[in-house]
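As structure tokens, the structure follows; a few thoughts come after it.
The values are calculated or read from the model by the stated rules, or taken from the named source; none is laboratory data. In this text, all values refer to a predicted model and were calculated from it rather than measured experimentally. All Cβ positions, glycine included, derive from the backbone under ideal geometry; neighbour counts span all protein chains shown.
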Amino acid sequence: MNPVLVALDVESAAKAIELADQLRGAVGGYKIGKQLFTATGPAMVRELTSRGDRVFLDLKFHDIPNTVAGAVQSAVATGAWMVNVHASGGTVMMKAAAEAASRSAGALGRPRPLVIGVTVLTSMTDAMLQEIGVARTVMDQVVLLAQLARAAGLDGVVASPQETRAIREACGPDFQIVTPGIRPLRPFDKLKVAPSGVEGRQGSGQAADQQGTDDQARTLTPAEAISAGATYLVIGRPITGAPNPREAAERIAATLP
Ligand code: C5P
């Protein structure tokens, strides 16, 4: 299967549907996050799932277990193929999410969605974790939360490029790892920057363009991320901001192992 999930980070249903129609068959699915969901609601998710599309509903639920279970139940009713919750909500909350996914899917006769944990947001630094009372490094906290997510019955986690390999080693081959921060290499990068595997590469500091790093500070190419152990790649602007999104998606698919 094509592992690319396109982030539909647009403000209207019309734009999202136009992009989805352009990209259908050239990508593995679509990610609907807080911007599009808050603008268009569950109707947008249903619109795509009713066309047979796979939708990753990226709402990062984090609340008391009963509320998260209810949110997951509502997500299952939209036909979402993947949902996520914050792993820092704890084991009881994650178990409630996983159980709600199984129970609701069974009751509705739908396939159970993948339930994925968010470990530490990539905007967080070691100093920010210390500020909120977490003494571990980001990397150690990410691996700890990924192991808790697995033990609680979640199917995988979202991980930044620099964490993918450590999680794959800690959580085994069957754990799903969803990796954003993906940027295809430009010819310029090939000359200047050798691919550096799991460590990623620093942003070029150049003006953002469709093939540059934009605001993603540490990136991997699609092929590097898969080699580091990613199961799915979340890609937004390199596809959605390209002059021809379908061609950009096809070019990316052609680089994958
Ligand atoms: O446009 P770009 O490829 O940077 O889009 C990446 C998508 O993945 C965005 O929707 C962004 O919110 C999301 N994401 C991320 N980094 C994370 C988690 C999610 O970039 N750690």
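Some notes on this structure:
- The residue list Q147, Q176, Q130 contains one member that is in contact (Cβ under 8 Å) with a residue 60 or more places away in the chain and either more than 13 Å from the ligand (Cβ to nearest atom) or farther than 18 Å from A228 by Cα (or both), which is Q176.
- Answer residue from region 1-15, given it is buried (at least 20 other Cβ atoms within 10 Å of the Cβ) and more than 18 Å from N244 (Cβ to Cβ) and is farthest from the ligand (Cβ to nearest atom) among those: P3
- Which listed residue is small (G, A, S), more than 20 Å from A7 (Cα to Cα) and exposed (fewer than 15 other Cβ atoms within 10 Å of the Cβ), from G133, G153: G133
- Residue that is modelled with the highest pLDDT [pool: residues in region 214-223 that are within 16 Å of the chain's Cα centre (by Cα) and either assigned to a loop (DSSP other than H, G, I, E, B) or of a type in the set (D, E, K, R) (or both)]: T221
- The criterion of being within 12 Å of the ligand (Cβ to nearest atom) and more than 17 Å from the chain's Cα centre (by Cα) holds for V138.
- Residue within region 11-29 that is at negative phi and among the basic types (K, R) present: yes
- Filtered residue count, region 155-168, keeping only those that are within 16 Å of the ligand (Cβ to nearest atom) and assigned to a loop (DSSP other than H, G, I, E, B): 2
- Pairing residues of region 226-245 that are assigned to a strand (DSSP E or B) with residues that are of a type in the set (D, E, K, R) and at pLDDT 95 or above, at Cβ distances under 6 Å and at least 6 apart in sequence or on separate chains, gives V234/K31.
- Qualifying residue in region 94-102 (condition: surrounded by 16 or more Cβ atoms within 10 Å (Cβ to Cβ) and within 16 Å of the ligand (Cβ to nearest atom)): no
- Selection status of F175, at pLDDT below 95 and among the aromatic types (F, W, Y): no
- Within region 45-64, if we keep just the residues that are touching a Leu at 6+ places or on another chain (Cβ under 9 Å) and of a type in the set (V, I, T), the residue that is surrounded by the most Cβ atoms within 10 Å (Cβ to Cβ) turns out to be V55.
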